[in-house]
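Peer 1: Sharing a structure with you now.
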Amino acid sequence: MRITTTSCLCPVLVCLCFVQRCYGTSHHSSMKVTKNQTKHIEGETEVHHRPKRGWVWNQFFVLEEHIGAEPQYVGKLHSNSDKGDGSVRYILTGEGAGTIFLIDETTGDIHATKSLDREKKAHYVLHAQAIDRWTNKPLEPESEFIIKVQDINDNAPKFTDGPFAATVPEMSDVGTSVLQVTATDADDPTYGNSARVVYSILQGQPYFSVDPKTGVIRTALANMDREAREQYSVVIQAKDMAGQIGGLSGSTTINITLTDVNDNPPKFSQKNYELYVPESAQVGKAVGKIKANDDDTGINAEIKYIITNGDGASVFTISTDKDTREGIISLKKPLNYEKKKNYIIHITGANPHTDPRFSHLGPFKDTTTLKIIIGDVDEPPLFSMTSYVMDVYENAEMGTLVGAVTAQDPDRSNSPIRYLIDHSLHGDRYFNIDANSGEITSAKTLDREEMPWHNITVIASEVGKYSAEQKKMTKVSVFQGLSLVCSWPLYWVLHECI
């Protein structure tokens, strides 16, 4: 029998054919024999050589995305039993048979009637059979074969995620890895260069670069400073066909942020400051603020303030406000304008968290001088003694001098003092006081047996000032004799007349 070769219009010519199959005459008995096996029948001595029967086939190929007006030729089925007289009928079954793939029953030619997409379905499994058209008996065993959809470059690379966001520390060395991006190509990676992707950078130079094979983005410029520029937009392109002309491409954007490192020392805006603090400031309370500026952020911008020296180091203290990063100056001891009118202190602001890599940019501290001016406050009068004890005899005449109290304005103005007895705190008026001199005289006849002691309250105030801030008033009780009290204890003792 004659073996006929097959052909197809695919780039790779693959044929599906049948191996020669011998059929004995009708008088021969049906039996299985192996290759070169000898069988004697009814005394016959001839030897029959029976070759193995079966399909010999390879894959067919059909080009995807075929848009021609005519069906695409796939290939040909052929049996060696086919003498070309039309007695052999070819049958095709399986995936797409009768819809996508049609076969000429007489010639065995296969055509694809529809445009195929390899990315949706890469191959089709079919079954071929050759039967006798007149007896409808198979001439060959049914055999399975594959029609493979051959890839064309019809898919551009895609970045499935994105846009991307990445960070890299400022001042990083050239070549520091930032991020790896990966594009996928739906084309066949095993055929040609349709899915071979090459990466390039479209936007972001000269600051960043990309590895053309791996898609790893790296820093390309030294000493990038966050304080000068913080945000960068980098566009990466992925192109198939190994980057050649005609390849398809896709792109994505990476927003890169430089993160802060401690590369900026704190700085005071002035070398000398002044602060006004009234002498009436309360101990333990904040009296002022000072701040050093640091261009860094977060932990890198934290500043610790200390008073290093100066004549006010024992009077003032400083702490750091964590939210505002200001130095809060507080009072440790009371102030007295009349004793000391100003103080000089030296303040240092330093970063507690430094990076050894940037030590050459330091020192990461700064010092300034603060002059604290003490403000004079109009203070209330002060009595000359902490307590007064005065004696007076009972039955003394009205107007008898009992004693005198003295108070003085502690301020520089040394304002005149006026005195008065606060009668609202006591009932009867037993004593009077001279408003100018502070002399106290009896206003009634005194009787020791009736009342052996008296408590009175004397107020000293500056002339023309009667607010609570400009007067001094104290109450004291004495249990022996008669007592008078002016801000500080003031006592009189009544002596019994003999």
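The values are calculated or read from the model by the stated rules, or taken from the named source; none is laboratory data. Every value quoted in this text rests on a predicted model; they were computed, and no experiment measured them. So basically every Cβ, Gly included, is an ideal-geometry build from the backbone, and we count neighbours across all protein chains shown. Accessible surface areas use protein heavy atoms only, side chains included; no ligands, DNA or RNA. Shrake-Rupley method; radii C 1.70, N 1.55, O 1.52, S 1.80 Å.
Peer 1: Heavy atoms only, 1.4 Å probe, whole protein assembly: order T160, T253, T457, T99 by accessible area, highest first.
Peer 2: From most exposed to least exposed: T160, T99, T253, T457.
Peer 1: Say the cut-off is 18 Å between C-alpha atoms; which of K333/K365; K120/K213; K291/K371; K271/K341; K304/K340 go over it?
Peer 2: Result: K333/K365; K120/K213; K271/K341; K304/K340 exceed 18 Å.
Peer 1: Karplus couplings for segment 369-380 from phi (6.51 cos²θ - 1.76 cosθ + 1.60, θ = phi - 60°), rounded to Hz, Gly and Pro as x?
Peer 2: 10, 10, 9, 9, 9, 8, x, 6, 10, 5, 8, x
Peer 1: Now for a separate question. Considering amide H positions built from the backbone, and no H for Pro or chain starts, which residues 5 or more places from K291, or on another chain, come under 5 Å of its amide H?
Peer 2: For K291, whose amide H was placed from the backbone, the distant partners under 5 Å are G327.
Peer 1: What are the ³J(HN,Hα) values, in whole Hz, obtained from phi via the Karplus relation 6.51 cos²θ - 1.76 cosθ + 1.60 with θ = phi - 60°, for each residue of segment 62-71 in sequence order, with x given for Gly and Pro?
Peer 2: 10, 6, 6, 6, 6, 10, x, 6, 9, x
Peer 1: Order the following by accessible area, largest value first: W134, W453. Probe radius 1.4 Å; ligands, DNA and RNA are ignored.
Peer 2: Ranked list, largest accessible area first: W134, W453.
Peer 1: Of all accessible surface on segment 204-315 at a 1.4 Å probe, what whole percent is carbon and sulfur?
Peer 2: About 47 percent, which is the carbon plus sulfur part of the accessible surface.
Peer 1: Around L63, which amide H atoms from residues at least 5 apart in sequence, or from another chain, sit under 5 Å from its own amide H, with H modelled in the peptide plane?
Peer 2: It is Q150, by chain and number.
Peer 1: Can you compute 3J(HN,Hα) from phi for each residue in segment 77-86, using the Karplus curve 6.51 cos²θ - 1.76 cosθ + 1.60 with θ = phi - 60°, rounded to whole Hz and x for Gly and Pro?
Peer 2: So the Karplus estimates, Gly and Pro as x, are 9, 8, 10, 5, 7, 7, 9, x, 9, x Hz.
Peer 1: In the full protein assembly as shown, how much of K444 is accessible to a 1.4 Å probe, in Å² to the nearest 10?
Peer 2: Rounded to the nearest 10, the figure is 80 Å².
Peer 1: Also: Give the calculated FRET efficiency between F358 and Y191 to the nearest 0.05, with a Förster radius of 45 Å applied to their Cβ-Cβ distance.
Peer 2: 0.25
Peer 1: Which value, in Å² rounded to 10, gives the accessible area of I91 with a 1.4 Å probe and all protein chains present?
Peer 2: Accessible surface of I91 is approximately 40 Å².
Peer 1: Same structure again: Quick one: accessible area per residue over segment 244-328, 1.4 Å probe, rounded to a whole number of Å²?
Peer 2: Accessible surface, normalised per residue, equals 53 Å².
Peer 1: Could you order T406, T107 by accessible surface area, starting with the largest, using a probe radius of 1.4 Å?
Peer 2: Putting T406, T107 in descending order of accessible area: T406, T107.
Peer 1: Continuing with this model, one more query. Out of residues 5 or more away from R226 or on other chains, whose amide H comes under 5 Å of its own, with H placed 1.01 Å from N in the peptide plane?
Peer 2: HN-HN under 5 Å from R226: M171.
Peer 1: What's the extension gain from I328 to T160 if we count 0.36 nm per residue and subtract their Cα-Cα distance?
Peer 2: 55.2 nm
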